[in-house]
Amino acid sequence: MQGPIIVVFRSLFLSVLLLASQAMAAERGALFKVSDKEHTLYLYGTIHAGKPAYYPLEPRIRDAVAAAPTLALEVDATRDPQAVAAAFMQHGLFTAGSPGYAGLAPERRTRIETALKAQGIDPAAVAQLKPWMLTTLLAIADLAKLGVDPTLGVDAHLAGQVRGRTPILELETVQFQAALLDRLPIDMQWKMLEETLEHMASGQQLREARELFDAYERADQAGLDRIAKRIETDDSLVAKFTREVVLDERNGPMAEKLAAMIKRENNAVAAVGLLHLLGKRGVPELLRERGMKVERVY
């Protein structure tokens, strides 16, 4: 029979372990509480790649997701990987008969090929990819230098946590996202690829990616505000496309769908890319404009 001192000690020990495990699950990204007169929505800013140390997520978002009647994501990319591959093959590859890289002026083609080789990429191996697709893959490849894995994205983690138990609502489709990225005129795509290669060579792209992940990992509001300000004022092609198309053009429809979601049900959770929640045209501000009460939890 255990003595009372041992029982008390064991209880204290377990309590300390529990508190320690909760402390390890740090606040990351951004969390907003959005309310109308009757219902509440938790809006969580995620990142589409991750590290094992990101999990488990902190208790407030875990509890909110566990109790949610619906989880809304930009897309549920892990639900149908074949559909994802089909969308990016349709919009990310040159069609048969297209000149592709061969249609570039020799000097420009040489410049791009030299820059690709400097990044350890064989130009012949990616010749079928449209420039926007290659730009995206280069950005993903850069993340490996930060120890970040695209298969450990927060969105995919959340989908895996609730699949089969909680309905998942997609705010967009993979087809829509791929078509959006492919909408740039081809010459602008080439220019954006060249700019990306220049940013990689100078280290700028990696610095900015590290800045974003550092701010995400610490839920650093001041750091995230600086990133939003840079995106708002940067006149580079990549920043302009990110600002005007990837963010502003999508934030409005997202806010509309989330506002409708709040009216339908209570305590739902929406998890979207962190950049969609920042700045004057971010989703939280657009929801405020629609009469919602928006509180920042962290």
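The values are calculated or read from the model by the stated rules, or taken from the named source; none is laboratory data. On a predicted model such as this, the values are computed, not experimentally measured, just so you know. Every residue, glycine among them, receives a Cβ derived from its backbone with ideal geometry; neighbour counts consider all protein chains shown. Keep in mind that these areas ignore ligands, DNA and RNA; they rest on the heavy atoms of the full protein, side chains included. Shrake-Rupley method; radii C 1.70, N 1.55, O 1.52, S 1.80 Å.
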Handout entry: Unit charges on C-beta of K, R, D, E only; dipole of segment 152-237, Debye
Key = 380 debye
Completion exercise
Once both label points are put 7 Å beyond Cα along the C-beta direction, the Val126-Ser98 separation in nm becomes 1.6 nm
Problem - Taking the C-alpha atoms of the chain, convex hull volume expressed per residue in Å³ - result: 172 Å³
Exercise for the section: Leaving ligands, DNA and RNA out of it, report the carbon-plus-sulfur percent of the accessible area of segment 133-271 at a 1.4 Å probe. Expected result: 56 percent
Exercise for the section: Return the long-range amide H neighbours of Leu93 (sequence gap of 5 or more, or a different chain), with a cut-off of under 5 Å between placed amide H atoms. Expected result: Lys130
Exercise for the section: Leaving ligands, DNA and RNA out of it, work out the accessible area of Asp187 with a 1.4 Å probe and give it in Å² to the nearest 10. Expected result: 70 Å²
Problem - Value of Rg to Rh for segment 109-238 (Rh from inverse mean 1/r over Cα pairs, i.e. Kirkwood) - result: 1.00
Exercise for the section: State to the nearest 20 debye the size of the charge dipole of the chain about its Cα centre, where the only charges are +1 on K and R beta carbons and -1 on D and E beta carbons. Expected result: 560 debye
Fill in the blank from the handout: In degrees rounded to 10, the 0-90 angle between helix 106-118 Cα long axis and the longest Cα principal axis of the chain is 40 degrees
Exercise for the section: Based on alpha-carbon positions alone, could you give the equivalent ellipsoid semi-axes of segment 220-294 from the gyration tensor, as √(5λ), descending, whole Å? Expected result: 24, 13, 10
Exercise for the section: Could you work out, for segment 131-199, what percent of all Cα-Cα pairs fall into each 5 Å distance bin, beginning at 0 Å and stopping at the bin that holds the largest distance? Expected result: 3, 13, 16, 17, 18, 15, 9, 4, 2, 0
Problem - Accessible area per residue, Å², the chain with all protein chains present, probe 1.4 Å - result: 51 Å²
Problem - segment 22-62 - Kirkwood radius from inverse mean 1/r over Cα pairs (Å) - result: 11.6 Å
Practice task
For helix 204-218, report the angle its Cα long axis makes with the longest principal axis of the Cα atoms of the chain; keep it between 0 and 90° and round to the nearest 10°.
Solution key: 10 degrees
Fill in the blank from the handout: Between Arg207 and Glu232, the FRET efficiency computed from the C-beta separation at R0 = 22 Å comes out, to the nearest 0.05, as 0.75
Problem - Share of Cα-Cα pairs in segment 75-137 lying beyond 18 Å, as whole percent - result: 43 percent
Fill in the blank from the handout: Toy charge model, Lys and Arg Cβ at +1, Asp and Glu Cβ at -1: segment 45-179 dipole around Cα centroid in debye, rounded to 20, equals 220 debye
Completion exercise
The percentage of the accessible area of segment 45-94 (probe 1.4 Å, all protein chains present) made up of carbon and sulfur atoms, to the nearest whole number, is 64 percent
Exercise for the section: For segment 50-89, report the translational diffusion coefficient in µm²/s to the nearest whole number, using Stokes-Einstein at 10 °C, 1.306 mPa s, and a Kirkwood Rh over Cα pairs. Expected result: 126 µm²/s
Practice task
First obtain the Kirkwood hydrodynamic radius of segment 49-197 from its Cα pairs, then insert it into the Stokes-Einstein equation at 20 °C and 1.002 mPa s, and state the resulting D in µm² per second as a whole number.
Solution key: 122 µm²/s
